Every structure is written in structure tokens, then in C-alpha cells.
Amino acid sequence: MMEKKPHIEIKKSGHIVILDQNWHSLFTGKKPYKIKVLEIQLNKLMKEQGKVNSEYKAYKAIKKKMMDEIIQGMTVAFDDQKAEGTKNLKKKQKNIQEINAKFDNYEKRKLELPHEIEKVNQVLLKESMIIFYERMIHHKEKKRRLESEIQILHEKVKELVGKKEDLEEENAKLYAFMHDIAGLEVIEQLDTHYFGGGE
């Protein structure tokens with residue numbers, strides 16, 4: 001049975017995680033599948049937001065230009081009473097209706113996208129925090145195991161140092177005894193035989 005995920009509420013908003021290099025660097029190796037899917041989704045929404053903002057500005061400028069042309073055309077149509085002027089005016093009015101429909105769609109999407117981006121970003125942030133927290137718990141357990149191993153090795157080192165000191169002390173006693181009994185000359189002969197005798 002899968003362990004239930006913790007319920008967390010993140011009040012801080014506006015921090016788009018995929019734009020944060022620290023967030024990317026905290027994923028060592030390959031990102032988990034769920035994180036990758038959310039990252040792609042968020043990237044797609046942000047690209048759409050950029051496109052919508054650009055096209056919204058462009059249509060706003062076109063709409064203003066056409067409105068100015070219609071106002072000028074209305075003046076000409078009223079002054080001239082020419083059929084050509086009226087026909088032109090009707091064509092421009094039809095164009096402005098089409099632009100208005102597109103403009104309204106971009107305006108609607110412009111309002112929707114920040115909420116959609118925030119929603120996906122919040123899910124991505126929550127998923128990341130659960131992964132990071134679980135990794136911290138894993139690191140804590142690993143650290144505890146390492147500390148235990150270090151303690152065992154520390155005791156082993158102390159034991160080995162003790163044995164080394166015992167050997168040094170015994171060697172000193174053996175050397176002192178042989179030196180007192182046989183003298184330095186005999187010690188030198190044994191040194192040459194055992195340590196410098198061409199072996």
C-alpha cells in the first residue's frame with residue numbers, strides 16, 4: 001500500500017520554480033517522471049502566455065488603427081454620401097468585428113493564463129518539496145549510519161593504537177634487556193644480520 005502524501009499549503013506565490021536554477025540543480029541526475037511532466041506543462045503555459053501577450057498588444061494596435069479609420073471613414077461617408085465610401089465603411093466595420101472577436105479571446109486567455117500557471121506551479125512546487133523532504137530524511141538516516149560506522153572505526157583505531165603502543169613498549173624492554181646483558185656491540189651485530197645483512 002502506498003503511503004499517503006502529506007497535505008501542504010504554500011501561501012507564497014509568484015515564484016516560478018522552473019525559472020530558478022537552484023531548483024534545477026537540486027535534482028541530481030534524471031528528474032522524476034511526474035516532475036518532468038509538470039515542468040513541460042508549465043513551460044508550455046508560459047510560452048503561451050508570452051505569445052498571447054504579444055498578440056494581444058498587436059491586436060490592440062490594429063483595433064485602434066481600424067477604429068481611427070472607421071471614424072475618418074464615417075466623416076467622409078457623411079460628407080460625400082458616396083456608395084463607395086459607405087461600402088468601404090461596412091467592410092471596415094466587418095473587419096473590426098472579426099478583430100474584436102480575436103481580441104476578446106486573447107483578453108480572456110490573458111486573464112486565465114496567470115491562474116493556470118500559478119496552479120501548475122503550486123503542484124510542481126509541492127511535489128518538489130515532498131521529494132526534497134523525503135531525500136533529507138533519507139540523508140538523515142544515512143548520516144546516522146555513517147556516524148555509527150565512524151564510531152566503530154574510531155574504537156577500532158583506538159584498539160589498534162593501543163596494540164601498536166604495547167608492541168613498541170615490549171620492543172623497548174627487549175632492546176633494553178639485550179643491551180644491558182650483551183652490550184651495544186652484540187646489538188649492532190644482530191641489527192646488521194637482521195636488518196642490513198644483504199637480505
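The values are calculated or read from the model by the stated rules, or taken from the named source; none is laboratory data. Here the structure is a predicted model, which means the values were calculated and not measured. Counting neighbours? That spans all protein chains shown, and the Cβs are built from the backbone with ideal geometry, glycine included.
Taking the criterion of being in contact with a Leu (Cβ under 7 Å, 6 or more places away or on another chain) and over 13 Å from residue 125 (Cα atoms), the residues of the range 4-49 that qualify are 45, 48, 49.
The lone criterion from (1) assigned by TED's automatic domain parsing to the domain that holds residue 30; (2) among the aliphatic types (A, V, I, L, M); (3) modelled with pLDDT under 95 left unmet by residue 186 is number (1).
Among the residues here, residue 167 does not qualify as closer than 30 Å to residue 8 by Cβ and at pLDDT 95 or above. In the set (1) of a type in the set (Val, Ile, Thr); (2) at pLDDT 85 or above; (3) crowded, with 16+ Cβ neighbours inside 10 Å, the condition left unmet by residue 40 is number (3). If you go through the range 17-38 and keep only what is in contact (Cβ under 8 Å) with a residue 60 or more places away in the chain and touching an Asp or Glu at 6+ places or on another chain (Cβ under 9 Å), you end up with 17, 18, 32, 34, 35, 38.
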